[in-house]
Amino acid sequence: MWSVPKVLFFTVVAATNMTIVHMLDFCQKADSECQSQDISPSALQPRAQILNSRWNASVLSLIQNLNHFRVSRAFPIDEVQGNAVRTVKNCIFSESSPTPLKGRLRLAAVSKDVLEGLLDLDMSVTQSEEFLLYTSGGRCLPGSQPLAHRYGGHQFGYWAGQLGDGRAHLLGQYTNRKGDTWELQLKGSGKTPYSRSGDGRAVVRSSLREFLGSEAMHFLGVPTSRAASLVVSDEPVLRDQFYDGNVKTERGAVVLRIAKSWFRIGSLEILSRSGELDLLRKLLNFVIEEHFPSIQSKDSDKYLVFYSRVVNDTAHLMAQWASVGFAHGVCNTDNFSLLSITIDYGPFGFMESYNPGFVPNTSDDEGRYSVGAQASVGLFNLDKLLDALRPLLTAGQQLAAETVLKGYVDIYKTRIHHLFKAKLGLLGDDVEDDYIIALLLQVMEDTQADFTMTFRQLSEASAQQLHKHNFTQAWALEDLSSHGHFADWLSTYLQRLSRQSHDKDVERRGRMKGVNPRYVLRNWMAESAIREAEMNNFSEVVLLHRILSSPFITQTSAEEAGYAARPPRWAQGLKVSCSS
Ligand code: AMP
Ligand code: MG
């Protein structure tokens, strides 16, 4: 058999320290006009009453039903008021009011699935002026208590100290009629005590990418935060997009995004590092109680059990990212969720030509967060989580947690093996499976074949077409076929499929089409929608959102737009950076 020297997605090495290349861009000031007041009676409703059995008639009723009370009751709130930048101690949240965006507001996109399915809102509310105001931070319910979360993080391998929500406001939590609780957050809604020298804003291009990226990931089946709406303003925001001195005026935008929880590894790290152990314990107990109901509060090993759950779930998430070719771009501990969901979409990218070294973020000079390094980075981040938990663990529990962490690699390998077997339609176990997966990846790497379309076209082609090497309609397979080992690989693969005695070819194709998307958010697709959105034409965002909501189904409008075709030539030079 042909030997395969390395296989991207099975490689997990000890993560190393690298230099900090992450930078923020900073600019203009904005006034705070949206003051918070005392907690309203509606916010004080007991939990059971917050369960909704009806639709919210307006966005106002949704906002009224937000439970602002939970976190502020559970934790001490920063005693200092206002958005002045400061070092914050002994709390987990600071009160902070959104700063309304200036100029005309335009609703660029909404997610019906989120608004109707998760927030119980009728789509007609999106026609109202109040929808624009509430979803952009232009209006807060009197008595509401928007919060900015204090967290820290390891950025590019080094402890960066206090970070926090520098441009995000937690509006409250909402329990929908299904009984699921979601935390609503605005991103780009103005300065907070954690803005450092940033302006608290997010620009159109990055907000559009977050809106589409997070929704696309959800419909690909990857755990993620969701996006409800995207509001674009006329407020000028200055950005040096590629940190080359070329400062341009862009426009501010706000995404209303939701997650079951926005707590991150960095949420615990900052408390542990500053010795605020009571608060660390309190936050951990809260997270466990709210989000890990199977862990008993009286269990003396509960922190250890919690840790093993995060290790397990993060390994799964890293494997899922790899299985769709997703590179997050900035895998710092402040961007890694304690619930192991994908959060904080920045310079992410979906890999096109298969390349383990694919780095979506041009600011990541050393490729620390390349798509092939993410599994190792997950390990690094989990090690930092363990460091944060150590003060609450006995010596024995620390040893046990280290053993748990050692198990990460196996969990990851097992998961990715299953995911790639499913991508290839392989049933049962066969000694050749590892080889089949590894050789295909190697051939893809050598030929720079498209990751998404290789698997999709293998799903769409009949076994007969594959036997005949009939790739006329399959551009990715055509690319692969130029490789000297492809014919061998294909015959090994087809023999393996033929050993699946009870499997029909049509069933294999159906299974594979259900896990191999035909459409992912390629950079050029996002870029094209951004260019239109910059001119206040949002039809492409809406089209992309619709198409990416059914990524496994062939759609006429997507085919017409060329979303499953070879990427256009102009796409080759596209870059994304941390600047957002
Ligand atoms: P990110 O890379 O977007 O995860 O951001 C890292 C940290 O910088 C977080 O604390 C952000 O809230 C903060 N940050 C990023 N951009 C800005 C900005 N324009 N204004 C204020 N804070 C920001
Ligand atoms: Mg972040």
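Looking only at region 122-145, decide whether some residue is among the hydrophobic types (A, V, I, L, M, F, W, C) and open to solvent by 30 Å² or more (accessible area, probe 1.4 Å). Yes, some residue in region 122-145 is among the hydrophobic types (A, V, I, L, M, F, W, C) and open to solvent by 30 Å² or more (accessible area, probe 1.4 Å).
Checked against the criterion of being among the small types (Gly, Ala, Ser) and either at pLDDT below 95 or farther than 20 Å from residue 333 by Cα (or both), the candidates 161, 143, 153 yield just one match: 143. Residues in region 231-246 that are in contact with an Asp or Glu (Cβ under 9 Å, 6 or more places away or on another chain) and at positive phi: 243 alone. Could you check, for region 169-189, whether at least one of its residues is of a type outside the set (A, V, I, L, M, F, W, C), farther than 30 Å from residue 275 by Cα, outside any strand (DSSP E or B) and within 13 Å of ligand 1 (Cβ to nearest atom)? Yes: one or more hits. Of all the listed residues (304, 268, 317, 279), the sole one being within 16 Å of ligand 1 (Cβ to nearest atom) and in contact with a helix residue (DSSP H, G or I) (Cβ under 9 Å, 6 or more places away or on another chain) is 268. The set of residues in region 90-121 being open to solvent by 10 Å² or more (accessible area, probe 1.4 Å) and outside any loop (DSSP other than H, G, I, E, B) consists of 95, 106, 107, 110, 112, 113, 116, 117. Does region 346-361 contain any residue that is open to solvent by 20 Å² or more (accessible area, probe 1.4 Å), within 16 Å of ligand 2 (Cβ to nearest atom), in contact with a helix residue (DSSP H, G or I) (Cβ under 9 Å, 6 or more places away or on another chain) and closer than 14 Å to residue 210 by Cβ? Scanning region 346-361 turns up at least one residue that is open to solvent by 20 Å² or more (accessible area, probe 1.4 Å), within 16 Å of ligand 2 (Cβ to nearest atom), in contact with a helix residue (DSSP H, G or I) (Cβ under 9 Å, 6 or more places away or on another chain) and closer than 14 Å to residue 210 by Cβ.
Residues considered: 438, 422, 476. Of these, the only one that is open to solvent by 30 Å² or more (accessible area, probe 1.4 Å), in contact (Cβ under 8 Å) with a residue 12 or more places away in the chain and farther than 19 Å from residue 307 by Cα is 422.
Among the residues making up region 391-401, those that are part of a helix (DSSP H, G or I) and open to solvent by 60 Å² or more (accessible area, probe 1.4 Å) are 391, 395, 399. Exactly one residue among 498, 459 is on the phi < 0 side of the Ramachandran plot and open to solvent by 10 Å² or more (accessible area, probe 1.4 Å), and that residue is 498.
Pairs linking a residue in region 153-172 that is open to solvent by less than 10 Å² (accessible area, probe 1.4 Å) to a residue that is assigned to a strand (DSSP E or B) and near ligand 2 (Cβ under 10 Å from one of its atoms), with Cβ atoms under 9 Å and 6 or more positions apart or on different chains, are 153/264; 153/336; 163/153; 163/155; 165/187; 168/187; 169/187. On inspection, residue 520 passes the criterion of being touching a Ser or Thr at 6+ places or on another chain (Cβ under 6 Å) and part of a loop (DSSP other than H, G, I, E, B). Is it fair to say residue 227 is more than 14 Å from ligand 1 (Cβ to nearest atom), assigned to a strand (DSSP E or B) and within 14 Å of the chain's Cα centre (by Cα)? Spelling it out, residue 227 is indeed more than 14 Å from ligand 1 (Cβ to nearest atom), assigned to a strand (DSSP E or B) and within 14 Å of the chain's Cα centre (by Cα).
Residues of region 324-359 that are away from ligand 1 (no atom under 13 Å from the Cβ), part of a loop (DSSP other than H, G, I, E, B) and under 28 Å from residue 476 (Cβ atoms): 324, 325, 351, 352, 354, 355, 356, 357, 358, 359. Quick check on residue 210: is it buried (at least 20 other Cβ atoms within 10 Å of the Cβ), in contact with a helix residue (DSSP H, G or I) (Cβ under 9 Å, 6 or more places away or on another chain), in the same structural domain as residue 124 (by TED's automatic domain parsing) and not hydrophobic (A, V, I, L, M, F, W, C)? Answer is no for this residue.
Condition first: touching a Cys at 6+ places or on another chain (Cβ under 7 Å), open to solvent by less than 10 Å² (accessible area, probe 1.4 Å) and not aromatic (Phe, Trp, Tyr). Can you find one or more residues in region 245-258 that meet it? For region 245-258, residues touching a Cys at 6+ places or on another chain (Cβ under 7 Å), open to solvent by less than 10 Å² (accessible area, probe 1.4 Å) and not aromatic (Phe, Trp, Tyr): absent. Among the numbered conditions (1) at positive phi; (2) buried (at least 24 other Cβ atoms within 10 Å of the Cβ), the only one that residue 375 does not meet is (1). Residues that are under 21 Å from residue 324 (Cα atoms), outside the structural domain of residue 214 (by TED's automatic domain parsing) and surrounded by 13 or more Cβ atoms within 10 Å (Cβ to Cβ) are absent from region 528-540 altogether.
The values are calculated or read from the model by the stated rules, or taken from the named source; none is laboratory data. Just so you know, these numbers come straight off a predicted model, no measurement behind them. Every residue, glycine as well, gets a Cβ built from its backbone with ideal geometry; the counts of neighbours run over all protein chains shown. Accessible surface is based on the protein model in full, side chains and every heavy atom, while ligands, DNA and RNA are left aside. Shrake-Rupley method; radii C 1.70, N 1.55, O 1.52, S 1.80 Å.
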